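Q: Before anything else, here's the structure in question.
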Amino acid sequence: MLAALTGGIHLIAVLAAVVGLLIILMASAPTISVQDLRAINRVYLLTGFALIIAAMAGAVLWLTIGKPAEFYSNNPVFHAKLGLFALLVAVVAYTGLKFRTLEKNLQAPAATSAVPDTDAPIVVSDSVRRLQKTCVPLMIVVPALAWMMARGIGY
């Protein structure tokens, strides 16, 4: 029962993270408004929270509940999945911090003007947008590796 509950939490957290990443990809553009920037930052926060919950539930499934830890620990497919998941978390954290920096720059008035211009479009760098797009193949490969690993491939 506990394994099913933890597995369900893990799956829901992963699905929430994927939905959050898809929302971020659809909302990001070369130029965005202040409202869009604030909304994207909120989605980044929720996506990060979902990734943390997925990682914690996955660690519980790996180390305490269900199949023995050796089943996962000795599987190179599992290690590939962990590595790609860590890369996904790093990319999300980096791009999320870049968007947070954009919002902080809006809140701190520039030295030349007393009031920041909230109607001006905000330019998102191409490198950040490219990094956001690298999440798509990771969102496809990580679940495929998880499916393979759960079926015993690589063990």
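Q: Check the straight Cα-Cα distances from K98 and name the lysines below 24 Å, setting aside those fewer than 8 residues away within the same chain.
A: Those lysines meeting the cut-off are K133.
Q: Over all distinct alpha-carbon pairs, what is the Kirkwood Rh of the chain in angstrom?
A: Details: mean 1/r = 0.0582 Å⁻¹.
17.2 Å is the Kirkwood radius here.
Q: Continuing with the same structure: Any idea what the dipole of the chain comes to, in debye rounded to 20, about its Cα centre with Lys/Arg Cβ at +1 and Asp/Glu Cβ at -1?
A: Working: 11 positive and 6 negative charges, 53 e Å.
About 260 debye.
Q: Mind checking which of I52, A17, G66 is farthest towards the positive end of the chain's charge dipole, using Cβ charges of +1 (Lys, Arg) and -1 (Asp, Glu) about the Cα centre?
A: Checked the options; the winner is G66.
Q: Need the list of lysines near K67 for cross-linking: C-alpha distance under 21 angstrom, and skip anything on the same chain fewer than eight residues off.
A: K81
Q: Going by how many other Cβ atoms sit within 10 Å of their own, how do H10, H79 line up, fewest first?
A: Listing H10, H79 from fewest to most nearby Cβ atoms yields H79, H10.
Q: Another question, if that's okay. Can you tell me the orientation of helix 34-63 relative to the chain, as the angle in degrees between its alpha-carbon axis and the longest Cα principal axis, to the nearest 10?
A: Computed tilt is about 20 degrees.
Q: What is the chain's relative contact order, in percent, from Cα pairs under 8 angstrom and six or more apart in sequence? Write down the numbers at each step before the final one.
A: Details: 143 pairs, mean separation 53.1, N = 155.
After rounding, I find 34 percent.
Q: On to the next question. Got a sec? How would T101, T95 order by Cβ neighbour count within 10 Å, fewest to most?
A: Lowest count first: T101, T95.
Computed from the coordinates by the stated procedures, all read-outs in this text should not be read as laboratory data. What you see is a predicted model, and the numbers here were worked out from it, not measured in a lab. Glycine gets a Cβ as well: all are built from the backbone with ideal geometry, and neighbour counts include every protein chain shown.
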